[in-house]
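Scroll down for the structure; my scribbles are underneath it.
The values are calculated or read from the model by the stated rules, or taken from the named source; none is laboratory data. What you are looking at is a predicted structure, and each value in this text was computed from that prediction instead of being measured. With ideal geometry, Cβ positions are generated from the backbone for all residues, glycine too; neighbour counts draw on all protein chains shown.
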Amino acid sequence: MIRHIIAAIATLLAIWAVVFMMELDKKAERFKQIREIIEKTKEVPLQVTTPEISQERERKEALKSEKEAEDEVARKLKTLKERAGSAMAFKVSPLYKQKCSSCHGVNGEGIIGPRLIGKSETEVYDALISFKSGKRKNYVMYGLLSKMSDEDLKALSKEIGTFKEKLDAAGK
């Protein structure tokens with residue numbers, strides 16, 4: 001009988017301990033929420049604003065935005081002028097325009113694809129053959145070159161190999 005009483009007391013103590021721990025967890029969660037609220041209030045600086053201060057701040061932000069917009073426009077215009085200056089620095093073949101210019105630029109200056117100006121005829125031809133054979137992996141190049149004849153590849157190589165001289169002759 002005493003063992004039953006001791007077992008009952010131990011069970012009651014275990015239940016009490018579980019309930020006590022749950023209450024502690026609730027209090028800890030409340031303290032955590034309070035700490036988060038305090039941290040958030042530290043991050044927000046107290047600002048005293050008057051209509052004059054607010055108007056001045058808005059005016060400064062508007063001027064700053066205007067200046068940034070002007071700078072962006074000037075940067076874009078500069079880029080456009082540079083591209084326009086070299087866009088037709090020299091004539092290229094219809095084959096180059098059709099197959100190469102969309103990625104490598106009108107005069108080989110590079111857009112999506114790498115810059116071709118300064119590459120030798122042999123270097124270009126070897127690269128074209130490697131792309132066509134699949135030795136070098138580039139699905140766009142493979143798709144463009146797979147049905148081209150060896151004569152076309154040689155003509156493109158020869159033309160691209162002269163880009164540097166043509167650009168120098170154009171005074172760029």
Query - Evaluation of Tyr125 against (1) in contact with a Leu (Cβ under 9 Å, 6 or more places away or on another chain); (2) at pLDDT below 85 (one fails), failing number - result: (2)
**Report entry** Residues satisfying the stated conditions in region 98-128, i.e. over 18 Å from Asp150 (Cα atoms) and assigned to a helix (DSSP H, G or I)
**Finding:** Ser101, Ser102, Cys103, His104
Query - Residue list for region 138-154, restricted to those being closer than 15 Å to His104 by Cα and loosely packed, with under 14 Cβ neighbours inside 10 Å - result: Val140
Query raised in the report: Given (1) among the polar types (S, T, N, Q); (2) buried (at least 17 other Cβ atoms within 10 Å of the Cβ); (3) free of Cβ contacts under 8 Å to residues at least 12 places away in the same chain, where does Ser157 come up short, assuming only one miss?
Result: (3)
